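Please treat every number below as a calculation from the coordinates, not as lab data. Quantities reported herein were computed from a predicted structural model and do not represent experimental measurements. Don't worry about glycine lacking a Cβ; one is built from the backbone with ideal geometry, like all the others, and counts go over all protein chains shown.
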Amino acid sequence: MSQVAISAPAHPPILDDEYARRFGGVARLYGPQALERFAAAHVCVIGIGGVGSWVAEAVARCGIGKFTLIDLDHIAVSNTNRQIHALGDAYGMAKVDAMAERILQINPRAEISRIDDFVTVENVEALLGHPFDYVIDAIDAVKVKTAIIAFSKRTGKRVVTCGAAGGQLDPTRIRVTDLSRTIQDPLLAKVRGNLRRQHGFSKNPKSRFGIDAVFSDEPLRYPEPEQQACAVELPVESSHAGIDDLAAAGDIAVVNAPPTPQPAQGPQGLACAGFGSSVCVTAVFGMVAASTALRAIAGV
């Protein structure tokens, strides 16, 4: 694991004329006190892919002053259709590095820590045991999402978790609700079950978890049979499959389903079912998650 600070040492936010020109529109919407909170806030984004890259972009453009970006992945040509940093001259770069460069172009005063690693069940406390103002979970690994949420709940950290964004066309179906209330999302359903079984979250269907979750209620769309892309299994528990790639069949509605819609089972869970993805959906997942965090930090 490597962690690199790439801007000036920590200091009180300076809301000078340049900052005001860059983010004056934010102050006029959220209020000047909210912009001061944004400038002082520290946001952690876990997973800088098809959802997380848009999260980071959105909170940066609202003047957030401190970032921790966590991802071990590098930008690939296949990321081009949905990830904001996936440009020709960035192929092969670490995602945290490419995203950090973008953030500094948006806000040169930003303080950014890049963690070139995946969050795991074993290191979640070490990586997240810092005084973040908000944690945004944009990864696909069921066990790790469970650990992130359980640790955040136990330590009083505010967190929003993102469901799977693959296999969907309609961004108007994306919603945010309590994690106990999501539908049509097998990834979040598995996380919910783990939290109840392993971490004492209420099994009462009327009880809420107090965790915001971004999901879509749109039925999943399978690709045509000849377009299946499952020759290489990407288990749900592998952090190398982004939530923008991930969707799993089961007791959820699907359209264009192949004759045998059940995905292959990998050694760690449900494997990739060859779902496609659209930036129209993955970006909105990220924007909804970012908006949830920003409104909480602003207190509006």
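Results, tabulated for the structure shown:
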{"item": "Gap separating the Cα centres of the range 190-222 and the range 104-122, nearest whole Å", "result": "28 Å"}
{"item": "Amide N of the range 181-223 lying under 16 Å from the label point, which is placed 7 angstrom from the Cα of Asp170 along Cα→Cβ", "result": "183-185, 215-222"}
{"item": "Inter-part distance where the range 44-73 and the range 132-150 are each reduced to a Cα centre, Å", "result": "14 Å"}
{"item": "Expected-Rg normalisation [2.2 N^0.38 Å, Cα atoms] applied to the range 56-147", "result": "1.11"}
{"item": "Size of charge dipole - the range 94-136 - debye, nearest 20, with Cβ of Lys, Arg +1 and Asp, Glu -1, no other charges", "result": "240 debye"}
{"item": "Whether the range 1-158 is rounded, prolate or oblate, judged on the alpha carbon gyration tensor where a/c under 1.5 counts as rounded", "result": "oblate"}
{"item": "The range 51-97 shape via C-alpha gyration tensor axes, a/c threshold 1.5", "result": "prolate"}
{"item": "³J(HN,Hα), Karplus 6.51/-1.76/1.60, whole Hz, each residue of the range 288-300, x for Gly, Pro", "result": "5, 5, 4, 4, 4, 5, 5, 5, 5, 5, 6, x, 10"}
{"item": "Nitroxide proxy distance, nm - points 7 Å out along Cα→Cβ at Val300 and His130", "result": "2.7 nm"}
{"item": "Order of Met93, Met99 - criterion: other Cβ atoms within 10 Å of each residue's Cβ, fewest first", "result": "Met93, Met99"}
{"item": "Amide H partners (placed H, <5 Å) of Tyr134, local residues excluded", "result": "His42, Cys44"}
{"item": "Amide H contacts under 5 Å for His74, placed H, 5+ residues apart", "result": "Lys95"}
{"item": "Ranking of Arg22, Arg37 by count of other Cβ atoms within 10 Å, fewest first", "result": "Arg22, Arg37"}
{"item": "27 Å Cα-Cα reach of Lys153 towards lysines, excluding residues that sit fewer than 8 places from it in its own chain", "result": "Lys66, Lys143, Lys145, Lys190, Lys203, Lys206"}
{"item": "The range 56-110, dipole about Cα centre (Lys/Arg Cβ +1, Asp/Glu Cβ -1), debye to the nearest 20", "result": "240 debye"}
{"item": "Candidates per GluC sites (Glu not before Pro) in the range 95-199, loop by DSSP, up to 15 other Cβ within 10 Å", "result": "Glu122"}
{"item": "Cross-link partners of Lys157 among aspartates and glutamates (Cα-Cα below 16 Å; sequence separation of 8 or more within a chain)", "result": "Glu125, Asp133, Asp137, Asp178, Asp212"}
{"item": "Per-residue HN-Hα couplings for the range 127-141 [Karplus 6.51, -1.76, 1.60; θ = phi - 60°; Hz; x = Gly/Pro]", "result": "7, 9, x, 10, x, 6, 7, 7, 10, 10, 9, 10, 10, 10, 6"}
{"item": "Options Ile139, Gly129, Phe209, ranked by Cα towards positive dipole end of the range 107-237, top entry (Cβ charges)", "result": "Phe209"}
{"item": "Sorted by Cβ density within 10 Å, fewest first, the residues Leu69, Leu169, Leu128", "result": "Leu169, Leu128, Leu69"}
{"item": "The range 46-202, dipole about Cα centre (Lys/Arg Cβ +1, Asp/Glu Cβ -1), debye to the nearest 20", "result": "780 debye"}
{"item": "Those trypsin sites (Lys or Arg not before Pro) in the range 122-222 that DSSP places in a loop and that have at most 12 other beta carbons within 10 Å", "result": "Lys203, Lys206"}
{"item": "For Arg173, net neighbour charge (Lys/Arg +1, Asp/Glu -1) across residues whose Cβ lies under 14 Å away", "result": "-2"}
